[in-house]
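Chemist: I'd like to ask you about the structure that follows.
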Amino acid sequence: MLAGAFSVVAGVGARAQGHDMAGMDHHRTAAPSSIARRQIDSVVKATLPLGSHSAATRSGFQPAFGWIPTMGEHWVARGLMMNGRQTNRATPSQLMFSRIDGRDSLVGAAYAYMTAVGDTVRPRLFDGAPPWHEHRDLAPEGMTLVMLHVWFVPSPDGPFAGTNPNLPFWALGLAAPDASRMRDPVFSMRVRRAALALGAVADSTSILSDLEQRRGIADAIDARRDTVSALVPRIRAAQRANDRARWDAVVEQAARQWDGMYATYLSAARTADGKARITQYVDLLLGRHED
């Protein structure tokens, strides 16, 4: 059942809740306390032996779905995940891998378990009680899947954010965007949209690939991917030159290519419900989760 549910997220996502990109809540979390930082360090230390795919496999973790641009590739230990409420910080039920500098790297971990809809009590695994998020569409009727991510790598929204827009930049060998500017909503949304465009280049199966089987969709998406691919060396050059204005301009071009991809995917929807599912999945990728 769990594997089947995960395939929904890898395909088109879940229920519609609107797609207001200008005013989205990206689940930016408060800066962690010194206690929380030490707790994160303890998780990093505990999972360090699982830092390769082979080691993760030997320890019972398996990839649940492919690479998701702003979440990486989740490897799940189903025994831990289906064992009820998680209370042991040292044994996360999921590991998150993503490519950095050409290597598959352990970039974070996640805690997840199924519970009844309406159950609002969450384990306090870290100081400050960072918020968990929900995926009701990944659970049986009357249940919900609750999750808490912890990033081992820098995330502009904090170490407990649901997504990390830095991942697609790193996957293509680019530096992460300037974290100090991510509180500017215009800059932040430009980066997040560009991240999805870069993600479509880093892995062509990462975003709504099923829709690309429909007539005319693949050609339109591939053309935009080619445009984004040509922008990657220009982003890198602007970074090396420390030319903020040029970097912003090129990243905006990538973001607009994502807008075109998104419009193309929406045009492939055959029903209002299908369009709503696409919208919700994109909201998820941009950082919006159910609370």
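Chemist: How about the range 150-190: which of its residues are out of contact with any Ser or Thr (no Cβ under 9 Å at 6 or more places or on another chain) and hydroxyl-bearing (Ser, Thr, Tyr)?
Modeler: Of everything in the range 150-190, those that are out of contact with any Ser or Thr (no Cβ under 9 Å at 6 or more places or on another chain) and hydroxyl-bearing (Ser, Thr, Tyr) turn out to be SER180, SER188.
Chemist: Turning to a different aspect of this structure: Being assigned to a helix (DSSP H, G or I), touching a Leu at 6+ places or on another chain (Cβ under 7 Å) and either at pLDDT below 95 or crowded, with 16+ Cβ neighbours inside 10 Å (or both) narrows it down to one of ALA22, ALA56, so name that one. Outline the logic, then answer.
Modeler: Details: ALA22 fails: touching a Leu at 6+ places or on another chain (Cβ under 7 Å).
Exactly one of ALA22, ALA56 is assigned to a helix (DSSP H, G or I), touching a Leu at 6+ places or on another chain (Cβ under 7 Å) and either at pLDDT below 95 or crowded, with 16+ Cβ neighbours inside 10 Å (or both), namely ALA56.
Chemist: Residues to consider are ARG225, ARG270; find the one that is among the charged types (D, E, K, R) and within 27 Å of GLY173 (Cβ to Cβ).
Modeler: Numbers: ARG270 fails: within 27 Å of GLY173 (Cβ to Cβ).
Exactly one residue qualifies, and that residue is ARG225.
Chemist: In the range 223-255, what residues are within 19 Å of ALA202 (Cβ to Cβ) and without any contact (Cβ under 8 Å) to a residue 12 or more places away in the chain?
Modeler: Selection gives ALA223, ASP226, ALA230, PRO233, ALA237.
Conditions tested, residue by residue: (1) buried (at least 19 other Cβ atoms within 10 Å of the Cβ); (2) in a loop (DSSP other than H, G, I, E, B); (3) of a type outside the set (Lys, Arg).
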| position | (1), (2), (3) |
| --- | --- |
| PRO177 | yes, yes, yes |
| SER180 | no, no, yes |
| SER188 | yes, no, yes |
| ARG192 | yes, no, no |
| SER206 | yes, yes, yes |
| LEU211 | yes, no, yes |
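Chemist: Given the conditions (1) surrounded by fewer than 19 Cβ atoms within 10 Å (Cβ to Cβ); (2) under 22 Å from the mean Cα position of the chain (by Cα); (3) within 22 Å of TRP170 (Cβ to Cβ), which single one is not true for ASP243?
Modeler: ASP243 satisfies all of (1) surrounded by fewer than 19 Cβ atoms within 10 Å (Cβ to Cβ); (2) under 22 Å from the mean Cα position of the chain (by Cα); (3) within 22 Å of TRP170 (Cβ to Cβ) except (2).
Chemist: Tell me whether the range 146-161 contains one or more residues that are within 30 Å of ALA30 (Cβ to Cβ) and of a type in the set (D, E, K, R). Write out each step before concluding.
Modeler: To start, the set of residues in the range 146-161 that are within 30 Å of ALA30 (Cβ to Cβ) comprises 146-161.
Restricting the remaining residues to those that are of a type in the set (D, E, K, R) gives 157.
Yes; the residues of the range 146-161 include at least one that is within 30 Å of ALA30 (Cβ to Cβ) and of a type in the set (D, E, K, R).
Chemist: Please enumerate the residues belonging to the range 117-161 that are of a type in the set (A, V, I, L, M, F, W, C) and part of a strand (DSSP E or B).
Modeler: Once the filter is applied, which keeps residues that are of a type in the set (A, V, I, L, M, F, W, C) and part of a strand (DSSP E or B), the range 117-161 yields MET143, LEU145, VAL146, MET147, LEU148, VAL150, TRP151.
Chemist: From the list LEU211, LEU196, LEU266, LEU286, which residue is in contact (Cβ under 8 Å) with a residue 24 or more places away in the chain and in contact with a Lys or Arg (Cβ under 9 Å, 6 or more places away or on another chain)? Steps first, please.
Modeler: Numbers: LEU211 fails: in contact with a Lys or Arg (Cβ under 9 Å, 6 or more places away or on another chain); LEU196 fails: in contact with a Lys or Arg (Cβ under 9 Å, 6 or more places away or on another chain); LEU266 fails: in contact (Cβ under 8 Å) with a residue 24 or more places away in the chain.
Answer to the selection: LEU286.
The values are calculated or read from the model by the stated rules, or taken from the named source; none is laboratory data. Remember, predicted model here, so these are calculated numbers, not experimental data. Note that each Cβ is placed from the backbone with ideal geometry, even for glycine, and that neighbours are counted across all protein chains shown.
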